[in-house]
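The values are calculated or read from the model by the stated rules, or taken from the named source; none is laboratory data. Keep in mind that what you see is a predicted model, and the values were worked out from it rather than measured. Here the Cβ positions follow ideal geometry from the backbone for every residue, glycine too, while neighbour counts run over all protein chains shown. Quick note on the areas: whole protein, heavy atoms, side chains included, nothing else; ligands and nucleic acids left out. Shrake-Rupley method; radii C 1.70, N 1.55, O 1.52, S 1.80 Å.
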Amino acid sequence: MKWSKEARAHIISGCYAQWGINNKKVLDVGCGDALVSEIISRDLNLDLHGTDILDYRKKDIKFKVMESPDRLPFESSSFDLVMLNDILHHTQNIEGLILEAKRVGGQILIFEDCESMFLKSIDLVLNYFYCRHMPCPLNFKTEYEWIELFKKLNLNYVSGKPEYPWWYPLRHMVFKLN
Ligand SMILES: C[S@@+](CC[C@H](N)C(=O)[O-])C[C@H]1O[C@@H](n2cnc3c(N)ncnc32)[C@H](O)[C@@H]1O
């Protein structure tokens, strides 16, 4: 699965690059094994920090474990921006985590799976084989539902446009919030 993670990391960094985030101090919330974080960080030359409810890093990035799934273990305004890559649909308290991201960083970058039965099924199978420890409520939202949530939280948003290699099967929504 290393090749698919690498491809996903380059799709994410290609999309975030359009927002000029090079050289920023960035927190990756839900960084997981940190393989994707580390590639994004290299592509965009970031000062990378990670956090997750579990520590199963395979890359030695700066890291703090979260003691609560709803609270980021950092002071307010500690980062220039916060990334939430493929994590919100795995959380119970989506609103709370977005507000926490806003508290610790000025801007928020979100990369989320598109909502579809097909993708949900793929996610369930992948999570079963590769991340059995991971909470999996699969709280997918449509683009409309994400945008309604950002409005409710009084966050301004712009949407990004990921570019995919021809063989890549999954599709995503990307947002920058501030
Ligand atoms: C599908 S993995 C994505 C990992 C990594 N961001 C990536 O793109 O490869 C989802 C991650 O979210 C983490 N997670 C689940 N609930 C969380 C929460 N409330 N706060 C932070 N991380 C959480 C899981 O432990 C897991 O590492």
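Partner lysines whose Cα lies under 25 Å from the Cα of residue 176, excluding those fewer than 8 positions away in the same chain, are identified as 5, 24, 25, 62, 64, 102, 120, 141, 151, 152, 161. Just want to confirm a number: the relative contact order over the chain, from Cα pairs under 8 angstrom separated by 6+ residues, in percent. Value for the chain: 20 percent. Here each label is just a point 7 Å from Cα along the line to Cβ, and for residue 5 and residue 47 those points are 2.6 nm apart.
Per-atom-type breakdown for the chain gives carbon and sulfur 52% of the accessible area (1.4 Å probe, protein chains only).
Taking every DSSP beta bridge with both residues inside the chain, roughly what % is antiparallel (nearest 5)? Here the share of antiparallel DSSP bridges comes out near 40 percent. Applying a length cut-off of 15 Å (Cα extent along the axis) and a mean Kyte-Doolittle floor of 0.0 to the DSSP H helices of the chain leaves 94-104, 117-130. Ordering 142, 83, 9 by the projection of their Cα atoms onto the charge dipole of the chain, which places +1 on the Cβ of Lys and Arg and -1 on the Cβ of Asp and Glu, puts 9 at the extreme positive end. Entry for the stretch 2-177 at q = 0.16 Å⁻¹: log10 I(q)/I(0) = -0.96, Debye formula applied to identical alpha-carbon scatterers, no solvent contribution.
Could you work out [θ]222 nm for the chain from helices alone, using -39500 (n - 2.57) per DSSP H run of at least four and dividing by all its residues? Round to the nearest 500 deg cm²/dmol.
Details: 5 runs with 61 residues, N = 178.
That calculation yields -10500 deg cm²/dmol at 222 nm.
Please identify which residues in the stretch 160-178 have an amide N closer than 13 Å to a label point set 7 Å out from the Cα of residue 125, following the Cα→Cβ vector. Counting backbone N atoms under 13 Å from the label point, the list is 169-170.
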